[in-house]
Each structure stands twice: as C-alpha cells, then as structure tokens.
Amino acid sequence: MNGPLSREAVARDIEAHDHAALLSCYHCGEQVPPGADFSLEIDGLPRPMCCPGCRAVASLIADSGLTRFYEQRTAYSERPEDQSTPAKEDSFAIYDDRELLEQFSQATETGDRDARLLIGGVSCAACTWLIETSLLRLDGVSAASLNLAQARLDLRFDPEKIKASELFARITALGYRVQPWHSSAQRDQAQAEYRRDLRRLAVAGIGMMQVGMFAIALHAGDIQGIAREYEQLLRLVSLLVTGFIVLFSAREFFSSAWRHLRNGALVMDLPVALAIGIAYGASAVATLRGGGDVYFDSVVMFTFLLLLARFIEKRLRLRDTLAWQDAEQALPDAVQVRLDERWQQIPRRAVVAGQRILLRAGDTIPVDGVVLSGESAVREDSFSGEALPRSVGPGDGVFAGTLNREASLEMESSGAYADSRLAALQRSIENARLAKPAIARLADRLASYFIAGVLLATTATGLVWLQLDASRAMWIALSVLVISCPCALSLATPASLANAASWLRRRGVIVYGENALEALAHSRNFLFDKTGTLTTGAFRVEELRVLAAAHEEQELLGLGAALQSHANHPIASAFAGAEPRSVTNAHYDIGRGIRGRWRDREVRIGTEAFCREIAPTLPPSPSGSLMWIAMVATDEPLAWIGVVDELRGEAPGVIATLQSRSLRCELLTGDASPRARALGEALAFDEIHTGQSPDHKLARVQALQAEGKAVTMVGDGLNDAPVLQRSDVSIAVAGATDLARAQADFVIQRGDLTRVKELHDCARRTRRIIQQNFAWALGYNLIGIPMAAAGWIPPWAAALGMSASSLLVVINSARLRSQNY
C-alpha cells in the first residue's frame, strides 16, 4: 500500500491514467501489468485495475452505490487477497461457533450481539465511511462504528438475521482484513491506570506553571513592593489552584499513606503526604490570616515532579507487558491446517505438534514451528527490537506472534500455543509482576526503618528550632521532611531489575526470576552440563556393535527408538530414523537410562552400570572417542551403540571469556566416555567431573554452597531438575519446544550459548546501576538532611532536590534497556 496521499494528489493521479503508458490501479495504486485488462466502469468512466481482487472489490463498491468512497479517500486502499479462494462465508464459518463467538461478542437484553472487531487496511475517514455504510445496509445490523485511530469496529447485529461469518465476509469483500478484537482485563486496567496517571500529571503540571507565575509575582513584590490587596488576591488564587491539585493529583499519596498506616506499615507515601499536607495547611493559614510565608509553589512542584518520576517508572515497567499482549492479540483465531489432503480451518487453540500450517503474506504466525516450503521474510521486532525482517526458508524456525511479510509459507507446528516462545515470555513477565525480588523486599524493609528515622529527625529538628527561632521552626522541619523522603530509595531496585529483564527478553533470554540477576552478579562458580548444553544435542548413531548374533542391527535400532521415545534426553534424537518396536512398561531412570518389557523380558538401554545390573556378562565399553550406550536384555548383552554429538561453535569462546573474569568453570556430565573428558580438557575447564549421576551433581553443588560460594548451573533445562533447583542461579539452554517445561531462572532460546556471557554482563551492569542508585539516594539524604536541618535549604529547594533525585534514579535505571554504555 502506498503512503497517505492528499485528495488532490489522488485526483491528479487518476486523471493521468488516460495518458500514462503504464497505468496505476484505480483501487490500490499499484502498477497494472502490461497486457492485463481488468478495467471496470465507475461513474461512467473506464477505470484500470491491476488484478481480479481489486476489480471484485471495486465492483462491490460500485454496485452498492458507494463510489463516493473514491472521491473522498486520501490514500489508496490495500491490494486485496486473491478472490479465487473459496467462498468467504465458508472460510469465516468458524466464527459462527458459539464458544468462539462468545470470546469477541456479548449478548444484549434484546437478543442482539455487540461485537468488537479489529480491521486491517483502514487508512482514512473514507474507509470508515465505506465500512460503516456498507454494513448498516445489511439486514440484521443495527449499529456500526469504526474507531479509525485504533482500527476497532464496534458492531451490533441480530444473530437470527445475519451470521458473524457473513459480516466478516462483507468486510473482506470490501478489501479490508478483519479478525476479532481481543483485549484482556489486565490490559484494559493498565490502560485505564495510564490515562488516570496522565490526567493527574497533566493537572499538576498546568497548576505548577500557573502557581509558579503567581509565586514569581509575589517574590518580585517582596523586593519591589506590591499593594496589599493584590498580594492577597494572588495568594487566594494560589490557595484555590493548589487546593485543587492537592485534592485531585496528590490524593493517592494521602490514601496510600492512610491505608498502610491502618495496617501498621510505614511507606514512602507517608512523609510525602505529611509534607504536602503541612506545607499546604500552613500556607493556607498564613493566607487567611493575611501574613506569613506561603509555599504553594513548592507544594505543586513537589507533587508534579514526584508524579512524573512515578509515571516514567511505571510506563517503562508496563511497556513490555503491553507489547507482549499486543503480539498475542494479533494472533489469528483460525488457522489453515492440512487435514485429509486438503486445507481446513481449525481454531488456533486446537493446533497440536506436527500439523502442517499455511501462512499467507501478511499473516501473523499462530504457533512456533519450522518452515517446510517457501521463502519469505519474518518481522520479529516485537521480540528482538530489530526493525529489519529476517529471511526464512525451509528448515528455519519461526515463532508465534511474528509477522510473515512477503510470500506464502508452509510450516510444521512445534506444539500448541502454550508451548510457544511468546507464551513463555508472557508467563515470565507475569511471574516478575507477581513475585517481588528479595533485594526489592530488602529495600522495602530498609525504607520502612528509614521513614521512621525521617519522622523522628523531623520532629527533633522542629523541637530544636522552637528553642532557637520559633518563627522558622515549622518551615525548617518541613524542609527536612521533604528532602528526606525515600522515594529514590524505593525506586532504585525495581526500576533497574525491570529494565534489565526487558533487555534480556529482547535478546532471547526468558527471565523467570529477576531476583536471580542479583545472585548471578555475585556468583563465582559456573557448573556446565555437557549434553545439549556445550554440545548441540543433535545426536547420531556412528557405530553399532551387535553382541547377540540372533538380532539384526535394524531390530536393535528399532528397540532403542522405542525405549528412547519415553525419555526427554537429547540422545533420543539419535534413533529418530528407526522404526520403533513394541515395548511396554517403559520407565526412565533419570541419569541412568530406560527400562521396559520386550518379548516377555526386561530390556535396558543406558549407562554400563545400569545395564550390567541385569546382564552381568556385558563386556566393557569399547575404547575410542565415541559416546557408547549399552543395550541389554535379561542375562543377555545386546549391543554397544556409539553416538556422536557436535560441540557448539561458541562454547570455547564463552568458557574462555568467563574464566578471563576470574570465574571458576566446572564440567559436570553424566557421560563417562573418554570423549567427555577430552572435551573438558579441550575447553580448559578448571575441574572435570564425568560419569556424574543427578545425585552426584547435586552433592557437588551442595559442597560448594557449604563453602559459602554462590553457584550458577548451566544445563539443558529438562534433566537434572534437582541440581537446577538447588543452584543459586539456574540457566537452561532450551529449544523452542521445551520452553513450557524449562523452569530455570533464565531460559536461553535457540541454544545460543553466547547468551550466558551476555547474561553475566547484564547482571554485572544491573548490580552496578543498583549500587549507583543506592549510593545517590543515600548520599543525597546524608548530605541534604543536615543542610536542611541547619536551615540552609528552603522547602521549595528541598522539593526540587527530592523530586530530581527520584527522576535521576529512574533515568539511570532506564539505561539498562539499551546497555550501550
């Protein structure tokens, strides 16, 4: 679609069609292919069309008597989809399903339904008029209102007279995209809070400017002289304006302080409310008495700057939540899936792993998957922040919530939406929203004690100055109260952690525990699993040594495939091409192997010790660099299977970088083969532990922790659950299909081990930012409080300093969103 055009430009372009050698489509503005003839007569003149789709849409508009649309539009319409697809009513029939209809519409008292739809392709007021007018002419539609800014269409229709699928088809026939509008209650609440906060901030800002002008006039009058009646008038007006700001904009400080006080808690809103209330009350008394100092300008400035700091911090924190909700909202409700040798529409929520899905250009990808055929470009800015699309072709992974830009693709789903990367990101953000990190809880406790100290210091200052100069006692005590408000202290930690987590999510790291960022910054011991972590996890069978002459290689490989299908260990991928045999009562012994029943005998595949329990005559494992897996039946060795797993290319650099930072790196692997030790030596690990069971790994973590050391475990996220849970920090290097099951503190997607180094960088930067914030907040108070108590800082300067302190903490924390420093 071309960019917005002025009405005159559209008219000039249309007139030029008669003279141009290459014509532009009257409907969408694209070039008409040479030799093509899809022209249509509109308003008595032949109008060139570029394709059957544009001709069909323009014909519908003309036949409906709505050609005024072309006269009023200020931009060309989008090129519609190919109209040779099956009937639109059939393709939208899924929305007639009662359960799905309930998700985007609700019944009225009269039996009609109020539906809310998201319209794609609307560009100007003429589009609004066309859609509304066309729908209102349909029997059964009683109301239609399109919000151009939000592309949201509100409809009221009688389901007995017209089906939802017919409404969808009508909008599509006009050349626009349509899907149900989904908006969660949490998003609505966040938007409502945003509008409320913005109104309070705007009122405080306007009031600050107005009262500030009055204050300048009053200060100038003190110097140059001012008539008594004018001075009193300016004070009275300031009293009224400031009173409204206190009641409207500063109300939440008072309500929060009172709510917590009733529960015996001291929060930072208490000194804020006291400062605003005392300053306004004393200024009001002075105004009504006709003498004394007034600080209305300090009250409104204090309120505005503090609200501004909170507004920025909250907006930064909620931005990612809203972005992921927007990405989910764009997901289609219906998906084209290949079933029974033809394309059929099914609900997105019904998609399972292994299904073949059709993606047209412009479609939002519904679930994670792998491209099977076609080449296109996928826009992933919602995840990575990268504006340029990523080129994809057969074998490339694609993710739910991203946009297919250029051409049709066929993909194979990796699982349901709940298993997708987008769903994992949403869960991680929800966890971060509900669970407050330990360092943030510590800051809250410190703030509570600090507030108590502030109140005592303020009272003591007031009592001392009553003895020294009673006329200044209240204002000096007020300055101490204002300048010592611990707002910056309370914002120091949550603002930093939220911004760091946001950066990590854009880099492909799912953050389930923001608290672990602080622990990671202090951790000096990194323990690495091998299989699926340092290696790719893409195993293949390199050699098979049959130990029982009665069995053939293919039979044993099929037996291995049947047993490994009951495990989630990466080794199972080595048997992917074999035809499984019939195995019953399979059981996975974590870290040892799998057992089951085959031909009325117990069979096992796994470590040498595990298999020797039922087959004592098993010969020792072969020598060499392969990883050897034993397979036995009761009292009968069956085979030794040699598999290989390639080392990740980035692994040597990651280990070397961590060690250059004086971090101790150890290898803990269940692989007892010489290859595992050789790999550890090649990577120059500080310690190498091979043949480790989950219990051995857990014991190693506990031993390090007993020495007072913080331990970071890096594994594949699916095995060794006890050691991951016991570690101070757990990092899982998991594939996209494993995101729902990998519940480590951090989950690195796509198996990119370099993210471990970036994660450690981020943790160190976050700790540094938090330390800077604490140093500033505490240093500011240690310097400011004595100066205010000495009478050197007036209330207006105290208000400015405290508010600026909070703003500085928020802005400093926001640097973590880019980490380009």
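From R599, R604, R581, which residue is surrounded by fewer than 14 Cβ atoms within 10 Å (Cβ to Cβ) and more than 24 Å from V733 (Cα to Cα)?
The match here is R599.
Which members of segment 777-820 meet the condition of being part of a loop (DSSP other than H, G, I, E, B), touching a residue at least 12 places away in the same chain (Cβ under 8 Å) and within 30 Å of R507 (Cβ to Cβ)? If you could, list the steps in order and put the result at the bottom.
Keep residues of segment 777-820 that are part of a loop (DSSP other than H, G, I, E, B), which gives 790-794, 818-820.
This time we only want the ones that are touching a residue at least 12 places away in the same chain (Cβ under 8 Å), so: 791, 793-794, 818-819.
Once the filter is applied, which keeps residues that are part of a loop (DSSP other than H, G, I, E, B), touching a residue at least 12 places away in the same chain (Cβ under 8 Å) and within 30 Å of R507 (Cβ to Cβ), segment 777-820 yields S818, Q819.
I'm told L130 meets every condition in (1) aliphatic (A, V, I, L, M); (2) in contact with a Ser or Thr (Cβ under 7 Å, 6 or more places away or on another chain); (3) in contact (Cβ under 8 Å) with a residue 60 or more places away in the chain except one. Can you identify the failing condition by its number?
Just one mismatch for L130, condition (2).
State all residues of segment 102-127 that are in a loop (DSSP other than H, G, I, E, B), touching an Asp or Glu at 6+ places or on another chain (Cβ under 9 Å) and without any contact (Cβ under 8 Å) to a residue 40 or more places away in the chain; if no residue qualifies, say none.
Once the filter is applied, which keeps residues that are in a loop (DSSP other than H, G, I, E, B), touching an Asp or Glu at 6+ places or on another chain (Cβ under 9 Å) and without any contact (Cβ under 8 Å) to a residue 40 or more places away in the chain, segment 102-127 yields only T110.
On the basis of being farther than 24 Å from A633 by Cβ, at pLDDT 85 or above and either open to solvent by less than 50 Å² (accessible area, probe 1.4 Å) or among the β-branched types (V, I, T) (or both), does L534 make the cut? If you could, list the steps in order and put the result at the bottom.
Numbers: farther than 24 Å from A633 by Cβ: yes; at pLDDT 85 or above: yes; either open to solvent by less than 50 Å² (accessible area, probe 1.4 Å) or among the β-branched types (V, I, T) (or both): yes.
Yes: the conditions hold for L534.
Scan segment 753-764 and tell me whether some residue there is closer than 30 Å to D293 by Cα, in a helix (DSSP H, G or I) and at pLDDT 85 or above. Working first, answer last.
First, pick out the residues of segment 753-764 that are closer than 30 Å to D293 by Cα: none.
Within segment 753-764 (the criterion being closer than 30 Å to D293 by Cα, in a helix (DSSP H, G or I) and at pLDDT 85 or above), the answer is no, since none of the residues qualifies.
Can you pull out the residues in segment 39-71 that are closer than 24 Å to L138 by Cα, polar (S, T, N, Q) and either touching a Lys or Arg at 6+ places or on another chain (Cβ under 8 Å) or not in a helix (DSSP H, G or I) (or both)?
Restricting attention to segment 39-71, the residues satisfying the condition of being closer than 24 Å to L138 by Cα are 42-43, 53-71.
Going one step further and asking which of them are polar (S, T, N, Q), we end up with 59, 64, 67.
Residues satisfying the conditions are S64, T67.
Pick out the one residue from E555, E518 that is over 25 Å from S662 (Cα atoms), out of contact with any Asp or Glu (no Cβ under 9 Å at 6 or more places or on another chain) and either open to solvent by 20 Å² or more (accessible area, probe 1.4 Å) or at pLDDT below 80 (or both).
Values: E518 fails: over 25 Å from S662 (Cα atoms).
Checking each option against the conditions leaves just E555.
Output the residues belonging to segment 392-415 that are open to solvent by 60 Å² or more (accessible area, probe 1.4 Å) and among the charged types (D, E, K, R).
R405, E406, E412
Give V701, V723 a once-over and let me know the one that is modelled with pLDDT under 85, assigned to a helix (DSSP H, G or I) and open to solvent by less than 10 Å² (accessible area, probe 1.4 Å).
Details: V701 fails: modelled with pLDDT under 85.
Among V701, V723, only V723 is modelled with pLDDT under 85, assigned to a helix (DSSP H, G or I) and open to solvent by less than 10 Å² (accessible area, probe 1.4 Å).
Residue-wise test of (1) open to solvent by less than 30 Å² (accessible area, probe 1.4 Å); (2) free of Cβ contacts under 8 Å to residues at least 12 places away in the same chain; (3) under 18 Å from G537 (Cα atoms).
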residue: L618; (1), (2), (3): yes, no, no
residue: S660; (1), (2), (3): no, yes, no
residue: L663; (1), (2), (3): yes, no, no
residue: A678; (1), (2), (3): no, no, yes
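A550: open to solvent by 80 Å² or more (accessible area, probe 1.4 Å) and under 30 Å from P722 (Cα atoms), yes or no? Reasoning before the result, please.
Values: open to solvent by 80 Å² or more (accessible area, probe 1.4 Å): yes; under 30 Å from P722 (Cα atoms): no.
Judged against the criteria, A550 is not a match.
Filter segment 558-577 down to residues that are more than 40 Å from the chain's Cα centre (by Cα) and crowded, with 19+ Cβ neighbours inside 10 Å, then give me how many there are. Before you say what the answer is, go through the steps one by one.
The first filter runs over segment 558-577 and keeps only residues more than 40 Å from the chain's Cα centre (by Cα), leaving 558-560.
Within this subset, residues satisfying the condition of being crowded, with 19+ Cβ neighbours inside 10 Å are 559-560.
So the answer is 2.
If you take the residues in segment 115-127 that are out of contact with any Phe, Trp or Tyr (no Cβ under 7 Å at 6 or more places or on another chain) and farther than 22 Å from F92 by Cβ, which one is least open to solvent (accessible area, probe 1.4 Å)? Write out each step before concluding.
Going residue by residue through segment 115-127, those that are out of contact with any Phe, Trp or Tyr (no Cβ under 7 Å at 6 or more places or on another chain) are 123-125, 127.
Add one more test, that the residue is farther than 22 Å from F92 by Cβ, and what stays is 123-125.
Working: S123: 44, C124: 8, A125: 73 Å².
Among residues in segment 115-127 that are out of contact with any Phe, Trp or Tyr (no Cβ under 7 Å at 6 or more places or on another chain) and farther than 22 Å from F92 by Cβ, the one least open to solvent (accessible area, probe 1.4 Å) is C124.
Is at least one residue of segment 465-472 among the hydroxyl-bearing types (S, T, Y) and at pLDDT 80 or above?
Taking segment 465-472 and keeping what is among the hydroxyl-bearing types (S, T, Y), we get 471.
Then drop every residue that is not at pLDDT 80 or above, which leaves none.
Looking through segment 465-472, none of the residues is among the hydroxyl-bearing types (S, T, Y) and at pLDDT 80 or above.
Being modelled with pLDDT under 75, under 20 Å from A361 (Cα atoms) and loosely packed, with under 15 Cβ neighbours inside 10 Å narrows it down to one residue among D82, D90; which is it? Steps first, please.
Values: D90 fails: under 20 Å from A361 (Cα atoms).
Checking each option against the conditions leaves just D82.
Output the number of the condition that T133 fails; it satisfies all remaining conditions of (1) of a type in the set (S, T, N, Q); (2) part of a strand (DSSP E or B); (3) open to solvent by less than 40 Å² (accessible area, probe 1.4 Å).
Checking T133 against (1) of a type in the set (S, T, N, Q); (2) part of a strand (DSSP E or B); (3) open to solvent by less than 40 Å² (accessible area, probe 1.4 Å), the one that fails is (2).
Go through the residues of segment 763-778 one by one and say whether even a single one is open to solvent by less than 30 Å² (accessible area, probe 1.4 Å) and under 24 Å from L422 (Cα atoms).
To start, the set of residues in segment 763-778 that are open to solvent by less than 30 Å² (accessible area, probe 1.4 Å) comprises 763, 766, 769-770, 773, 777.
Okay, now just the ones that are also under 24 Å from L422 (Cα atoms), so 763.
Yes, segment 763-778 has at least one match.
Of (1) at positive phi; (2) under 32 Å from the mean Cα position of the chain (by Cα), S662 satisfies all except one. Which?
(2)
Taking the condition surrounded by fewer than 18 Cβ atoms within 10 Å (Cβ to Cβ) and within 21 Å of G205 (Cα to Cα), does G292 pass? Full working, then the answer.
On the way: surrounded by fewer than 18 Cβ atoms within 10 Å (Cβ to Cβ): yes; within 21 Å of G205 (Cα to Cα): no.
No: the conditions fail for G292.
Give segment 634-649 a look and list any residue that's free of Cβ contacts under 8 Å to residues at least 40 places away in the same chain and more than 45 Å from the chain's Cα centre (by Cα), or say none. Please lay out each step first, then the result.
Step one: list which residues in segment 634-649 are free of Cβ contacts under 8 Å to residues at least 40 places away in the same chain, which gives 634-635, 649.
Scanning segment 634-649 gives T634, D635.
Only one of D112, D158 is in contact with a Ser or Thr (Cβ under 9 Å, 6 or more places away or on another chain), modelled with pLDDT of 80 or more, of a type in the set (D, E, K, R) and buried (at least 18 other Cβ atoms within 10 Å of the Cβ); which? Step through it out loud before you land on a result.
Numbers: D158 fails: buried (at least 18 other Cβ atoms within 10 Å of the Cβ).
Testing whether each residue is in contact with a Ser or Thr (Cβ under 9 Å, 6 or more places away or on another chain), modelled with pLDDT of 80 or more, of a type in the set (D, E, K, R) and buried (at least 18 other Cβ atoms within 10 Å of the Cβ) leaves just D112.
The values are calculated or read from the model by the stated rules, or taken from the named source; none is laboratory data. Predicted, not measured: the structure shown is a model, and the values here were computed from it. Note that we place each Cβ from the backbone using ideal geometry, even for glycine, and neighbour counts take in every protein chain shown. With ligands, DNA and RNA removed, areas are computed over all heavy atoms of the protein, side chains included. Shrake-Rupley method; radii C 1.70, N 1.55, O 1.52, S 1.80 Å.
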